[in-house]
1. Got at least one residue in segment 194-217 being surrounded by 24 or more Cβ atoms within 10 Å (Cβ to Cβ) and in a helix (DSSP H, G or I)?
2. Could you go through segment 104-114 and let me know if any residue there is touching a Pro at 6+ places or on another chain (Cβ under 8 Å), surrounded by fewer than 23 Cβ atoms within 10 Å (Cβ to Cβ) and part of a loop (DSSP other than H, G, I, E, B).
3. Scan segment 32-58 for residues that are of a type in the set (A, V, I, L, M, F, W, C) and in a loop (DSSP other than H, G, I, E, B) and jot them down.
4. Is segment 60-82 home to any residue that is in a loop (DSSP other than H, G, I, E, B), modelled with pLDDT of 90 or more, on the phi < 0 side of the Ramachandran plot and touching a strand residue (DSSP E or B) at 6+ places or on another chain (Cβ under 8 Å)?
5. Out of segment 208-234, which residues are in contact with an Asp or Glu (Cβ under 9 Å, 6 or more places away or on another chain) and either of a type in the set (S, T, N, Q) or at pLDDT below 95 (or both)?
6. So how many residues does segment 243-290 have that are closer than 15 Å to Arg333 by Cβ and crowded, with 19+ Cβ neighbours inside 10 Å?
7. List the number of the failed condition for Val41; all other conditions in (1) farther than 30 Å from Tyr325 by Cα; (2) touching a Ser or Thr at 6+ places or on another chain (Cβ under 7 Å) hold.
Amino acid sequence: MIDKMFEVEAESGNARTGTIKTQKFSIKTPVFLPVATKASVKTLTPEEAKKAGCEAIIVNALHIYRKAFNIVERIGLHEFMKWDGIIFTDSGGFQSIKKFPAYAHDEGIFFKMPDGKDEIFTPEKSIEVQKKIGSDFLFALDDCPSYPYTRKRIEKAVERTLKWAKKCQGERIFAIVQGGIFEDLRKYCAEELSKLNFFGFAIGGLCIGEPKDKMLKIIEKTALHLPYEKPRHLMGVGSPEDIISCVKNGIDIFDSAFPTRNARHGTILTSKGKINLGKKKVKGENIDDECECYACRNFSLDYLNYLFKEKEMLGQRLATIHNLYFMNNLMKRIREDIEDCKI
């Protein structure tokens with residue numbers, strides 16, 4: 001058994017570094033998790049993602065349950081996708097099921113299987129599925145309304161989230177704080193969840209269309225009400241500037257499709273800012289002078305730009321490798337700055 005699965009190791013203001021451990025792996029925090037919703041980091045092999053610096057990913061358990069549960073339950077998610085690292089899973093994102101829309105109810109999340117059969121993820125079943133597919137860290141079921149919403153709808157979401165959380169407690173499980181953009185509801189939800197037996201706490205329901213200033217303020221205020229000794233995960237926020245702001249407010253873990261989605265659409269993150277590829281005005285020998293990723297070591301900006309202009313898939317792959325390397329290098333620099341009390 002591991003004595004401490006999470007430990008804070010250095011601090012600078014409210015920012016902190018730490019280590020999360022499993023029986024087989026450990027990762028340093030603050031850390032960024034690329035989204036592998038359907039058990040793949042889009043366009044990349046697991047080896048390419050690892051070489052880009054990724055040590056942990058987040059997979060959607062609901063999608064796995066709907067499309068590949070029988071296989072994954074038998075061999076485990078790590079073996080299924082050949083991922084040699086930590087896997088987080090959650091059951092969110094049910095709004096993205098297009099053909100048979102899913103919805104939240106007091107009992108859980110109602111949805112349909114691909115064959116049209118009715119199904120429900122109760123809080124207990126969500127955790128059961130995540131355990132059966134071999135997740136390292138799990139998330140309790142929560143009610144996350146789409147934006148815009150009314151205060152009444154958010155009050156119901158907090159009520160459901162707290163009710164469900166009481167049925168989902170455990171040593172490798174994160175509870176998710178809801179409350180929309182209402183500070184009092186966030187405070188109430190965070191404080192009530194903190195009374196329960198969870199490994200860590202996530203802040204959910206943000207970066208879904210609300211004003212940026214309100215989002216950052218809510219993150220700042222919510223983090224104040226979460227236990228110091230437990231890891232804090234911010235769901236769905238992944239731009240470099242937002243990560244830096246939120247690290248300063250004590251967030252340890254981030255997950256987002258931001259770098260990979262931007263890469264596929266031709267936007268790369270560099271030390272000098274974003275570059276939108278596929279444009280006539282984009283020219284240059286080096287992609288990013290400060291980057292040592294596979295794309296930057298082997299190809300020119302001219303070539304990468306050319307690939308996007310010609311709609312060649314290799315362009316998306318190289319841009320994804322670069323953006324993930326950039327994010328992981330950013331997190332490394334952030335950890336070093338915290339240790340040196342520069343942040």
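1. The answer is no; no qualifying residue exists.
2. So far as segment 104-114 goes, no, none of its residues is touching a Pro at 6+ places or on another chain (Cβ under 8 Å), surrounded by fewer than 23 Cβ atoms within 10 Å (Cβ to Cβ) and part of a loop (DSSP other than H, G, I, E, B).
3. Answer for segment 32-58, where residues must be of a type in the set (A, V, I, L, M, F, W, C) and in a loop (DSSP other than H, G, I, E, B): Ala36, Ala39, Val41, Leu44, Ala52, Cys54.
4. no
5. If the condition is that a residue be in contact with an Asp or Glu (Cβ under 9 Å, 6 or more places away or on another chain) and either of a type in the set (S, T, N, Q) or at pLDDT below 95 (or both), then Thr222 is the only one that fits.
6. Total satisfying the criteria: 5.
7. (1)
Okay, residues lined up against (1) of a type in the set (S, T, N, Q); (2) more than 19 Å from Gly53 (Cα to Cα); (3) at pLDDT 95 or above:
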{"site": "Gly273", "(1), (2), (3)": "no, yes, yes"}
{"site": "Lys280", "(1), (2), (3)": "no, yes, no"}
{"site": "Cys293", "(1), (2), (3)": "no, no, yes"}
{"site": "Ser300", "(1), (2), (3)": "yes, yes, yes"}
{"site": "Leu304", "(1), (2), (3)": "no, yes, yes"}
{"site": "Met313", "(1), (2), (3)": "no, yes, yes"}
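The values are calculated or read from the model by the stated rules, or taken from the named source; none is laboratory data. Note that the structure is a prediction, hence the values are computed from the model and not measured. We place every Cβ from the backbone using ideal geometry, glycine too, and count neighbours over all the protein chains shown.
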